[in-house]
2 protein chains.
Amino acid sequence: MMTVAIIGLGLIGGSIAKDLKSQDHFTVLGVDNNQLNAQKAVELNLVDKIVSKEEAFKLALIIILAFPVDHMESALPHILDLIPSDTVVIDMGSTKERICLSVANHPKRGQFVAAHPLAGTEYSGPTAAINDLFKNKNIIICEKEKSEEKALATALDLFSTLGLHTSYLSSSEHDKHMAYVSHLSHLSSFTLSLTVLDIEKDESKIFNMASTGFDSTARLAKSNPDTWAAIFEKNSQHLIEAINIYEHYLNEFKEALKVKDKSKLLDMMSSANDIKRVLNKK
Amino acid sequence: MMTVAIIGLGLIGGSIAKDLKSQDHFTVLGVDNNQLNAQKAVELNLVDKIVSKEEAFKLALIIILAFPVDHMESALPHILDLIPSDTVVIDMGSTKERICLSVANHPKRGQFVAAHPLAGTEYSGPTAAINDLFKNKNIIICEKEKSEEKALATALDLFSTLGLHTSYLSSSEHDKHMAYVSHLSHLSSFTLSLTVLDIEKDESKIFNMASTGFDSTARLAKSNPDTWAAIFEKNSQHLIEAINIYEHYLNEFKEALKVKDKSKLLDMMSSANDIKRVLNKK
């Protein structure tokens, strides 16, 4: 029996809990500052028991941090201060550079594994937790050379139990790539939603005219503001760079539209089509 | 037995053909300038027979126009010139204002029904044709008062056979709303794709980092350039207005990121979340 404590019982933490609970050899402890979430997680049978942080540090061999990234930097050094020397701490944050920096010189840095599972939905909270959220998805481990071999092996075992495939990146590479691939996707979806809501005061028209194309492009605009405001803020520098390039192409489209330059529109769309090569690999 | 001719055997025309062919009481004639597409449509059994335009005009009671919108304006008046007085012509174009204008004073305007089915996928050509593409989707009829009652009734019957629900808008309202809800969705997806391709020269990293969020936001960037360059060009004025508002919100996000104004980010995302009310109605 292995005891795992999960701090933060939302979409990610709750889904990890659910998967581990469905296996025989895990005891799953839950920690959540939000009493309603903690209670909900018990009702939904996501965890075996709700405990305090202190109890979690005492009892668990693995501690998973699944709360918003804006609290991660300040919380992580204290958590490392308090854990026994054989406990492994793994974070699930969507940004990595500043989290890694916050414990770069911590004497227990080796017990920490910095990870980011590329999985999620637009829903949030314990009720959003689902089984198999991580199955055949990727998880990125950053600065693996700073984790002790034993800690890394423990994390890899756990990830494999969840069905995750592991990749490795430096924390700065991670944050830069995520700015373009994930964070910009969310930003453009939020922006699309604001634009459409601004114009379409008559909601029934949005509904009637919502083709499946709008649905998929605006889906991420349903995402949790607390989670995403924290991610955007923590990765603001890379995200601003990504927005600048996005604005450049948007402006090229606009200029081509102004002069009705169809061959330019065709060229740009054909180039954009190239994303097929990438997406169809899946 | 009712004879229907479909001009343009791509995703939309091919899918209509497929649905009608699966019913006993339709003879489906296909017309396509592209010989390869015509041949493919026969191989795929989408149509009973490939015919010339002239034969189609002679034989069919309903003629469906499902070719790119940039050819619609110039082709439609000639088609009306050539059809017998009991034939109904229905177009499936994604823009409507200029198409309607092209036959506004045509003596056979009453035989024409201007329609736009809100259905599609990111794939194109006859191989993209699927059954039930239109089932429970919306179709918008523009300027219905300009269609003769009999022509309108024939169109409504056909749409109901395909499983479509009908709404009515003026052609200018249609084009304006579509600019925001559909065309801007496609534009933002093309732009996202160009931005990510520009930065991520190492494709394997895009693949590894492509979470489901990126997939859904970039999906429309796989769409057919010929189809969409024509739509964008024909609806450029409304689309430019939509881009201006989109740029305004994008810039608000960027300014908030520059000064790390998290409460502003939270406010904007919470407002964007409002799209839930609209999308969840479905």
Tally, over the stretch B:226-282, of residues that are more than 7 Å from chain A (Cβ to nearest Cβ) and open to solvent by less than 60 Å² (accessible area, probe 1.4 Å):
9
I'd like to know if the stretch B:177-188 contains one or more residues that are in contact (Cβ under 8 Å) with a residue 24 or more places away in the chain, outside any helix (DSSP H, G or I) and more than 8 Å from chain A (Cβ to nearest Cβ).
no
Identity of the residue in the stretch B:21-36, polar (S, T, N, Q) and closer than 13 Å to B:ILE6 by Cα, that ends up farthest from the chain's Cα centre (by Cα):
B:THR27
Is it the case that B:SER270 is in contact with a Gly (Cβ under 9 Å, 6 or more places away or on another chain) and of a type in the set (Ser, Thr, Tyr)?
no
I'd like to check something: does the stretch A:199-222 contain any residue that is among the β-branched types (Val, Ile, Thr), open to solvent by 40 Å² or more (accessible area, probe 1.4 Å) and touching a residue at least 12 places away in the same chain (Cβ under 8 Å)?
no
Residue that is modelled with the lowest pLDDT, among those in the stretch B:204-216 that are at the interface with chain A (Cβ under 7 Å from one of its Cβ atoms), in a helix (DSSP H, G or I) and closer than 16 Å to A:ASP274 by Cβ
B:PHE207
Any idea which of (1) assigned to a loop (DSSP other than H, G, I, E, B); (2) at the interface with chain B (Cβ under 7 Å from one of its Cβ atoms); (3) of a type outside the set (S, T, N, Q) is the one A:LYS201 doesn't satisfy?
(2)
Could you list, in sequence order, the residues of the stretch A:86-108 that are within 20 Å of A:ASP175 (Cα to Cα) and either in a strand (DSSP E or B) or open to solvent by less than 50 Å² (accessible area, probe 1.4 Å) (or both)?
A:ILE90, A:ASP91, A:MET92, A:GLY93, A:SER94, A:THR95, A:LYS96, A:ILE99, A:CYS100, A:SER102, A:VAL103, A:ALA104
Of the residues A:LYS150, A:LYS135, A:LYS144, which is open to solvent by 10 Å² or more (accessible area, probe 1.4 Å) and either outside the structural domain of A:LYS53 (by TED's automatic domain parsing) or within 16 Å of the chain's Cα centre (by Cα) (or both)?
A:LYS135
Looking only at the stretch A:146-176, filter to residues that are more than 7 Å from every other protein chain (Cβ to nearest Cβ) and either among the aromatic types (Phe, Trp, Tyr) or part of a strand (DSSP E or B) (or both); which one of those is nearest to A:LEU65 (Cα to Cα)?
A:PHE159
Run down B:ALA56, B:ALA60, B:ALA38, B:ALA75 and say which single residue is of a type outside the set (Lys, Arg), in the same structural domain as B:PRO107 (by TED's automatic domain parsing) and touching a Ser or Thr at 6+ places or on another chain (Cβ under 6 Å).
B:ALA60
For B:THR195, state whether it is without any contact (Cβ under 8 Å) to a residue 24 or more places away in the chain, in contact with a Leu (Cβ under 8 Å, 6 or more places away or on another chain) and within 7 Å of chain A (Cβ to nearest Cβ).
yes
Please specify each residue of the stretch A:115-132 satisfying the condition of being surrounded by 14 or more Cβ atoms within 10 Å (Cβ to Cβ) and either free of Cβ contacts under 8 Å to residues at least 12 places away in the same chain or of a type in the set (S, T, N, Q) (or both).
A:THR121, A:SER124, A:THR127
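The values are calculated or read from the model by the stated rules, or taken from the named source; none is laboratory data. Remember, it's a predicted structure, so these values are computed and weren't measured experimentally. So basically every Cβ, Gly included, is an ideal-geometry build from the backbone, and we count neighbours across all protein chains shown. These accessible areas exclude ligands, DNA and RNA; they are computed on the full protein's heavy atoms, side chains included. Shrake-Rupley method; radii C 1.70, N 1.55, O 1.52, S 1.80 Å.
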